[in-house]
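Presented below is the structure to which this report refers.
The values are calculated or read from the model by the stated rules, or taken from the named source; none is laboratory data. Because the structure is predicted, anything quoted here is derived from the model rather than measured. So basically every Cβ, Gly included, is an ideal-geometry build from the backbone, and we count neighbours across all protein chains shown. Protein only, heavy atoms only, side chains kept; ligands, DNA and RNA dropped before computing areas. Shrake-Rupley method; radii C 1.70, N 1.55, O 1.52, S 1.80 Å.
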Amino acid sequence: MILLVVFICAFFFLWVQGFLFKKYWSRNLDVTISIKNTECTAGEENILTEVITNNKCLPLPLLHVKFNTPKSFRFENEENSSVTDFYYRDDIFAIMGHQSITRNLKFTCESRGCYYLRDTGITSTDLFMRLTFTDKRTNNIVIHVYPKKVNLDFFEIPFETITGSFATQKNLIEDPFEFRGIREYQPFDSMHNINWKSSAKNDLLQVNTYFMTSSQEVRILLNLDTHLYSRDDKLLEKIISLASSLAEKFISAGIPTALDSNAVDLYTHEQLNRLSGSGINHMVSIDTALARIDTHGKHKEFITVLKENFECIQKNAYYIIISNNRQKDILDYYNKIKETAVSCYFIIPELKQFNIELSDPGLIKWDIEY
């Protein structure tokens, strides 16, 4: 008789706990994933944070949190994971009622790109692991991994020539859209630039300052079609990194810089183009555009990009062409441009072992260590 009562009680408890878990297991269960730096540079370390909050009395003895990230994200701890086209991760938690667990996962963003982290799958069981329950949580996270910067020693002489020309200009003006900082008011400052809030806080007149712009600019023309018959992704990534590094070098020197390319955006499929600008925000805009390049997309003919840029030649602009492709039509058009006395440099990124005959001082080879 006692055994029968125990059996009935056990069966009743099994049924009740199963009913409770089935109905309430996901209630007030919050699972979020966040990235510390959603804008970073290739090769930098980052942190992915999982936060599990069970805001109810019912404990969860076994909770699987499943999500995927790009396979270029290399985590320090690769247990409970698998890699195919994505990096699939399955983390296991045991969480009591009204408890919150935070787990930080260090990883390295190895490759340039724009990545999305969306749904997170969650799976749990009852106390006796007889029943399995599944659900999902949405985490809309966009991560821009900027191109890794490269050594520009090979470009020092042309850079000094360009910056020297800019230094002689007298028509520099402040750009009201590129905020630089705040300093103490001087008699020659305009009343329009006074920062009244900061002045009241410090009991001293202070003014906003802005980055300088000029009538001159540098225009970077980037070609994503290579001279090789077969596509080489590593070579393309180096070329994109070169464009980013040059833009950063000029913008850091206070030189307005524009970027035009035959490449397309990975998601909008629009042609990459950034108008001339300067300052930190403009550099972020250029790096973001470069991060979103689809190297496998259908590129516009680069000769068309050249013609569009040189239809109305700006005599006060320096043009920097970056192209591994050096087919006859491109070089012929470049030589035609040079005849009009336009300031122009043609950079040929190429593997170090390949020798290139450079008959024009405006042609510069950038040796790539593969």
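For segment 70-103, filtered to residues that are of a type in the set (Val, Ile, Thr) and at pLDDT below 85, the residue that is surrounded by the most Cβ atoms within 10 Å (Cβ to Cβ) is Val83.
Among the residues of segment 206-245, the ones that are open to solvent by 70 Å² or more (accessible area, probe 1.4 Å), outside any helix (DSSP H, G or I) and either at pLDDT 80 or above or in contact with a His (Cβ under 9 Å, 6 or more places away or on another chain) (or both) come to 1 in all. Looking at Asp260, Asp287, Asp232, which one is without any contact (Cβ under 8 Å) to a residue 40 or more places away in the chain and not hydrophobic (A, V, I, L, M, F, W, C)? Checking each option against the conditions leaves just Asp232.
Residues in segment 328-342 that are open to solvent by less than 20 Å² (accessible area, probe 1.4 Å) and farther than 27 Å from Asp232 by Cα: Ile337, Val342. A Cβ distance below 6 Å, combined with a sequence gap of six or more or placement on separate chains, defines the contacts here; from segment 37-55, residues that are over 18 Å from Gly97 (Cα atoms) reach residues that are in a strand (DSSP E or B) and hydroxyl-bearing (Ser, Thr, Tyr) in the pairs Thr41/Tyr146; Glu45/Thr108; Thr49/Ser34. Just for segment 270-294: of the residues that are assigned to a loop (DSSP other than H, G, I, E, B) and either of a type in the set (S, T, N, Q) or open to solvent by 10 Å² or more (accessible area, probe 1.4 Å) (or both), which one is nearest to Ile348 (Cα to Cα)? Looking at residues that are assigned to a loop (DSSP other than H, G, I, E, B) and either of a type in the set (S, T, N, Q) or open to solvent by 10 Å² or more (accessible area, probe 1.4 Å) (or both), I get Asp294.
Of the residues Tyr267, Tyr318, Tyr345, only one is surrounded by fewer than 15 Cβ atoms within 10 Å (Cβ to Cβ), among the hydroxyl-bearing types (Ser, Thr, Tyr), touching a strand residue (DSSP E or B) at 6+ places or on another chain (Cβ under 9 Å) and touching a residue at least 24 places away in the same chain (Cβ under 8 Å); which?
Numbers: Tyr318 fails: surrounded by fewer than 15 Cβ atoms within 10 Å (Cβ to Cβ); Tyr345 fails: surrounded by fewer than 15 Cβ atoms within 10 Å (Cβ to Cβ).
After ruling out the rest, the residue left standing is Tyr267.
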